[in-house]
Amino acid sequence: MRKMIFILALLLIGTVALSGCLQPVSQEIKELASVEVRDYEGENLSSITDFRENSIKGVQYVDIDDYTLTVSGLVDETKNYTYDEVLGFPAYSKVVTLYCVEGWDAKILWEGVKLVDLLEASGIQEGANTVIFHAYDGYTSSLSLDYVLENDILLAYKMNRVTIPPERGFPFQVVAEDKWGYKWVKWVTQIQLSDNPEYKGTWEAVGYNVNGNVSGSKFE
Ligand SMILES: Nc1nc2c(c(=O)[nH]1)N[C@H]1C(S)=C(S)[C@@H](COP(=O)(O)O)O[C@H]1N2
Ligand SMILES: [Mo]
């Protein structure tokens with residue numbers, strides 16, 4: 001009988017000791033971002049797969065080890081950045097909807113850097129009034145400098161908290177809020193400051209409006 005009680009007591013102590021060991025030491029939980037978010041502060045977001053792939057030359061696969069983002073044109077100093085150097089600029093996020101002239105749209109939580117920060121790091125020269133974006137597939141489009149500065153326009157590297165996939169423009173896509181989809185340049189390789197407000201990019205050259213306002217007409 002005493003032996004039984006002794007064994008039971010040992011078992012009890014053992015259980016308590018063991019469960020003590022298994023107790024988590026700290027409750028720090030790190031967020032894993034491999035799955036996109038679809039609800040954000042009460043808003044339903046679209047999926048990063050809710051886009052129609054209609055790029056001029058199909059999906060571009062950018063090798064990030066060979067990649068540079070160039071900031072050039074009417075700047076005090078032309079700069080070349082690696083992907084990581086761009087991500088070193090302060091990060092901002094915003095829910096913005098992309099509207100394509102083809103009649104579909106997608107509401108996404110974007111994360112990226114402000115174009116104004118990139119431009120100011122190079123020094124904006126007097127006379128600059130237009131920002132031209134060049135892409136890996138040869139696509140180009142432009143935005144007015146005032147619009148970019150006044151609206152804190154982003155150069156995004158994440159959509160719904162996941163890294164922008166190749167289909168959507170990895171490594172960077174312009175988040176041209178309130179502008180038609182053709183202004184949202186994907187696979188951006190160069191940001192060029194210009195003094196030509198009439199610059200015509202890929203879709204502008206075939207008649208789409210240079211200002212690209214969703215609230216305005218699609219064609220010039
Ligand atoms: N580099 C590049 N960016 C681009 C395009 C393109 O062909 N090449 N197409 C534009 C158009 S017309 C739209 S509607 C948006 C969204 O395109 P997606 O659905 O192919 O991602 O990307 C824009 N950015
Ligand atoms: Mo589009």
Quote to one decimal, in nm, the extra length available between Asp84 and Ser217 on full extension: 0.36 nm per residue of separation minus the C-alpha distance between them. 44.1 nm
At a probe radius of 1.4 Å, what is the per-residue accessible area of Glu28, in Å² to the nearest 10? 140
Using a 1.4 Å probe and counting only protein heavy atoms, arrange Lys200, Lys179 so the residue with the most accessible area comes first. Lys200, Lys179
Heavy-atom accessible area of the chain with neighbours in place, 1.4 angstrom probe: carbon+sulfur share in percent works out to 53
Over all directions, what mean area does the Cα convex hull of the chain project, stated in square nanometres? 17.7
Cα centroid separation - the range 103-160 against the range 171-220, whole Å: 10
Determine the alpha carbon to alpha carbon distance for each of Lys57/Lys179; Lys114/Lys186; Lys158/Lys218; Lys107/Lys200; Lys114/Lys218; Lys57/Lys94 and list only those over 24 Å. Lys158/Lys218; Lys107/Lys200; Lys114/Lys218; Lys57/Lys94
Quick one: putting +1 on the C-beta of Lys and Arg, -1 on the C-beta of Asp and Glu, what dipole do you get for the range 62-161 around its Cα centre, in Debye to the nearest 20? 380
Go through Phe219, Gln27, Val75 and say which Cα lies farthest out towards the positive end of the charge dipole of the chain; charges sit on Cβ, +1 for Lys and Arg, -1 for Asp and Glu. Gln27
Any idea of Tyr136's accessible area? Nearest 10 Å², probe 1.4 Å. 120
Not counting ligands, DNA or RNA, and with a 1.4 Å probe, what is Val214's accessible surface area in Å² rounded to the nearest 10? 40
Helix 2-22 sits off the longest principal axis of the Cα atoms of the chain, rounded to the nearest 10 on a 0 to 90 degree scale, by 10
For Ser55, Ser215, give the ranking by accessible area with the largest first, probe 1.4 Å. Ser215, Ser55
Tell me, what is the per residue accessible area of the range 36-110 in Å², probe radius 1.4 Å? 57
Could you grab the relative contact order for the chain? Cα pairs under 8 Å, six or more apart, rounded to a whole percent. 22
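The values are calculated or read from the model by the stated rules, or taken from the named source; none is laboratory data. If you're wondering where the values come from, they're calculated on a predicted model, not measured in any experiment. Backbone-built Cβ (ideal geometry, glycine too); neighbour counts: all protein chains shown. All accessible areas refer to the heavy atoms of the entire protein, side chains included, with ligands and DNA or RNA removed. Shrake-Rupley method; radii C 1.70, N 1.55, O 1.52, S 1.80 Å.
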